[in-house]
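Trainee: Before I ask anything, here is the structure I am working with.
We did not get these values from a lab; they are worked out from the coordinates using the rules stated. Just so it is clear, the structure is predicted and the values come from calculations on it, not from any experiment. Here the Cβ positions follow ideal geometry from the backbone for every residue, glycine too, while neighbour counts run over all protein chains shown.
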Amino acid sequence: MLATSSDTSRTWVALPLVIGTLLLSACGSTNFASEAGEISEPVSQKPEPSISAVNEAIASDIVQITEQIFPAFSTTLQFTSNQNDLFLQHFALTFASLGYGIQQVNADQGSHHFTYTLDEKTNENDVPILQLNASIGGAVVSRDYRVASNGTISPASAVRLSGTRMPVEVADTTTEQFKASDNNFSKVVYVASLNLDEQAPPLISLITNDIVNQVSSSSAGVRSDSPSFSGLNSSRVETGNIFHTGESNFASILQNRQLVSQQFIVFGNDSLVLGRPNKLLLEQVVLQKLQTSDLINIIGCSTGPTSLTIGNEGLALGRAERVTEALLAEGVARERILDEGCWAPEAGATDLPNRGVMLEIWRQNT
């Protein structure tokens, strides 16, 4: 049954893709833009959060993996708004210094929403380990670490990846803090699902007000009452908004094919969480309906008011990206997936559903 409720917002701030100026120092200062876009008086910058050397080494390892999955300078990461977690503030500052966009959001918002868990466990030999799980949109990076008595750490597992099939190189370089002692762990293991996105997103601090203000000061665009004409899909390719174009961006590619299947994938209101039922549905589509030469066209939809800061565009394209990532995890080749979006502040503006994703299978004419 198709969902009839719509996504609910009117406020969206476009954040920049390049924010290398977010390298903070304890004694520096910078100019921040006010809401009117004017430059205010210099504000003293806060020092980088102080975390343990162990956590810093773990974060460095996870970041170098993430860089290979989501490229800097073309990716904006979303972080939940709160002020209590120094470890995640460190993550935010590290990503910012590498050229990632930083966006403050409320709960589960954005196609690259960053959350993490760090748990103390024991391995099969009852040896204490630390397990870090980092979720970035639909991808999850997980690894175990052993902490020595002198405070150094070493990998206690390979890098586990789900939600992506991007080729990743594990560069376990020995440093004063990080000791790579087992070559069997210097590799990637691709797994079907780590199920982190089934959990409620933790309300954790990732960025300070100083970071938010500085990012906003560099932002060139602010959402108007009219939907934007185009946006970047999961391949970072600009595609037109179907609300304006009235047809698929890939019509020329699909013109010699026939539509053999349509499947609507329902998302929660104002949510980018795919959920286990939808993952099982996609598994069935791949196993039962998809043939070797088929193309899959994915149309992310969000029309109607939304309360999220990423707006209808972020919801529509983010949902399409989540479905794309799930299909990649099922082994579908990237070149067989076409993804685009339809977004508008008015519900029922097109024949497409108000929220969710329309998945179409296009087959070559016989």
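Trainee: In sequence order, what are the phi-derived ³J(HN,Hα) couplings for segment 253-265 according to the Karplus relation 6.51 cos²θ - 1.76 cosθ + 1.60 with θ = phi - 60°, rounded to whole Hz, with x for glycine and proline?
Mentor: Taking θ as phi minus 60°, the curve returns 6, 8, 5, 9, 10, 10, 6, 10, 7, 10, 9, 8, 10 Hz for segment 253-265.
Trainee: By average Cβ neighbour count within 10 Å, what is the ranking of 87-96, 177-186 from highest down?
Mentor: Numbers: 87-96: 22.3, 177-186: 14.4.
Order by mean packing, descending: 87-96, 177-186.
Trainee: State, as an integer percentage, the relative contact order of segment 224-364 based on alpha-carbon contacts under 8 Å between residues 6 or more apart.
Mentor: Numbers: 273 pairs, mean separation 55.2, N = 141.
Computed value for segment 224-364: 39 percent relative contact order.
Trainee: What does the net charge come to around ASP144 if you take all other residues with beta carbon closer than 12 Å to its beta carbon, with K and R at +1 and D and E at -1? Present the calculation step by step, with values, prior to reporting the outcome.
Mentor: Details: positive: LYS121, ARG143, ARG146, ARG160; negative: ASP61, ASP119, GLU120, GLU124, ASP182.
With Lys, Arg at +1 and Asp, Glu at -1, the net is -1.
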